[in-house]
Ligand code: DND
């Protein structure tokens with residue numbers, strides 16, 4: 001058994017023993033409690049309204065590429081950049097992320113952004129996580145390459161750049177010039193960004209919501225359990241995209 005497999009087996013045992021309210025998320029709490037050192041953790045932030053295979057593939061490819069022990073999905077409570085848009089209830093988005101990721105022992109979902117009051121900022125989240133994780137933990141924030149260009153406009157961007165690596169997923173053959181130009185234009189804002197390729201997957205949450213509201217199929221775009229949850233809760237039926 002490899003060290004990573006042993007860690008995951010210990011974590012599963014610890015979760016099975018007792019399930020207190022999570023400080024970060026069940027698997028990460030168990031890994032920290034078991035004394036795991038030098039953890040490499042990916043953070044997959046998103047609105048996840050709803051979560052889909054694009055998110056899951058990006059997280060899995062990042063896990064492999066950056067040799068991450070775990071990827072924590074972080075459904076945003078009150079997304080800073082979506083203040084003027086209707087966003088589904090946090091509990092529904094959390095539950096969809098939970099059921100979509102439960103089969104992967106390296107994936108976990110945290111409530112920390114859902115439970116935090118006020119506008120959700122990635123800087124606050126990473127600070128909170130860093131307080132709860134051993135100091136030797138490496139943190140990679142995973143995001144789509146399109147979002148990378150807007151990083152300098154994120155809350156406390158200059159501080160944010162110092163506390164995490166950024167892993168930007170793109171498609172084979174992606175042109176990085178746009179990012180390099182944005183980075184050059186912001187002298188002093190040096191985000192450490194590593195790019196990784198994911199298979200081109202033209203899936204978006206916006207399209208899924210539109211399809212549901214029009215009674216169209218979303219099969220093979222998101223896991224079946226998420227499709228069942230959307231139907232059961234009657235999400236996205238009102239046509240407000
Ligand atoms: P979105 O709502 O864009 O994510 O949120 C992305 C993250 O950025 C969240 O954690 C936000 O809190 C954070 N953010 C944004 C802006 C400002 C600040 C923070 C701040 O602190 O000031 P979606 O639910 O739409 O998607 C989640 C991720 O998955 C995104 O990175 C997106 O680019 C990526 N993605 C795909 N990747 C591969 N293939 C696809 C994808 N569709 C979405 N088909």
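Here is how the numbers come out for the structure above:
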{"read-out": "Scope region 151-183; condition within 9 Å of the ligand (Cβ to nearest atom) and free of Cβ contacts under 8 Å to residues at least 12 places away in the same chain; matching residues", "value": "153"}
{"read-out": "Filter result for residue 204 (surrounded by fewer than 20 Cβ atoms within 10 Å (Cβ to Cβ), at pLDDT 85 or above, over 21 Å from residue 64 (Cα atoms) and near the ligand (Cβ under 10 Å from one of its atoms))", "value": "yes"}
{"read-out": "Selected residue (criterion: modelled with the lowest pLDDT) from residues of region 28-51 that are touching a helix residue (DSSP H, G or I) at 6+ places or on another chain (Cβ under 6 Å) and in a loop (DSSP other than H, G, I, E, B)", "value": "36"}
{"read-out": "Residue check, residue 191 at pLDDT 85 or above and outside any helix (DSSP H, G or I)", "value": "no"}
{"read-out": "Count of region 88-115 residues which are farther than 26 Å from residue 8 by Cα and either in a loop (DSSP other than H, G, I, E, B) or under 12 Å from the mean Cα position of the chain (by Cα) (or both)", "value": "2"}
{"read-out": "Residue check, residue 21 more than 15 Å from the ligand (Cβ to nearest atom), assigned to a loop (DSSP other than H, G, I, E, B) and farther than 30 Å from residue 219 by Cα", "value": "yes"}
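Listed here are the residues, each with its yes/no results for (1) away from the ligand (no atom under 13 Å from the Cβ); (2) in contact (Cβ under 8 Å) with a residue 24 or more places away in the chain; (3) more than 24 Å from residue 203 (Cα to Cα).
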residue: 62; (1), (2), (3): no, yes, no
residue: 74; (1), (2), (3): no, yes, no
residue: 95; (1), (2), (3): yes, yes, no
residue: 99; (1), (2), (3): yes, yes, no
residue: 136; (1), (2), (3): yes, yes, yes
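The values are calculated or read from the model by the stated rules, or taken from the named source; none is laboratory data. Computed from a predicted model, the values in this text were never measured in an experiment. All Cβ positions, even for glycine, are placed from backbone atoms using ideal geometry, and neighbour counts span all protein chains on display.
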